[in-house]
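Okay, so here's the structure we're looking at.
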Amino acid sequence: MNRSQTQPTMWKRIRIAFFTGLLVLAPATITVYVVWRLFVVVDRLLGATLRGGYIRPGGIPGLGFVTVLAIILAVGFLANNFLGRQVGAIVEALVMRVPVFRGFYGTLRQVGEALLGDKRGAFQRVVLIEYPIAGRYALAFVTASPASGVTEANGSPLVGVFLPHAPNPTTGFLLFYPPEALIPTSLKVDQALKMVVSAGVVNPGTV
């Protein structure tokens, strides 16, 4: 057998090595870039003055980031004690009296409680639903029980499910299905979220 048919050419070796290196470096590079951009955005939230602009022009890199974290922690500790809860209740009552802010603030608070607070288990389980047409299936999270107050015309209860967008699961659709139309899965919520964020690249077998 011809040796050129059994061994890859130099060009093929270079091409394979290039794409292998790309597959190894791309995820790490993208992760570092996203983290760095997030750091830069947070670092610049407070402006140059609170970033040490009085020490050097433009401020000290990283000082704004640390300051933002310190403010968040301070507010969190303050809100957890008795005085902080009283002050928070007064501020919330004042905000809720303003028609322009009332609906917006109330919605943001409910979403925050669902994702970070006592209601962070709002995603009850992972199911498959037929979407966008019959015979096509999508991952969804059950968020509302049949007692949610939404029913079919004949009075049959419907279950609320959240259909997330990939790769950004913070947006999506709120849909309502009959309980029998939901296909149960063995996926955990965190596994399903990783699948959505990775657009299916990450699956339970690789999580």
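None of the figures in this text is laboratory data; all of them are computed from the coordinates on show. Since the model is a prediction, treat every value here as computed from it, not as a measurement. Using ideal geometry, Cβ is built from the backbone for each residue, glycine included, and neighbour counts are taken over all protein chains shown.
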At a 10 angstrom cut-off on C-beta neighbours, averaged per residue, how do the peptides 132-141, 28-37, 159-168 rank from highest to lowest? 159-168, 132-141, 28-37
Looking at the range 37-79, which chymotrypsin sites (Phe, Trp or Tyr not before Pro) are in a loop (DSSP not H, G, I, E or B) and have at most 13 other Cβ atoms within 10 Å? TYR54
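Using only the Cα atoms of the range 3-43, what semi-axes does the equivalent ellipsoid have when each is the square root of 5 times a gyration tensor eigenvalue? Give whole Å, largest first.
Numbers: eigenvalues 305, 7, 3 Å².
Output for the range 3-43: semi-axes of 39, 6, 4 Å.
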Along principal axes, Cα extents of the range 125-197, largest first, whole Å: 37, 24, 23
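Could you compute the net charge surrounding PHE176? Neighbours are other residues with a C-beta less than 15 Å from the C-beta of PHE176; K and R count +1, D and E count -1. Provide the component values of the computation, followed by the final result.
Details: positive: none; negative: GLU130, GLU152, GLU180.
Net charge around PHE176: -3.
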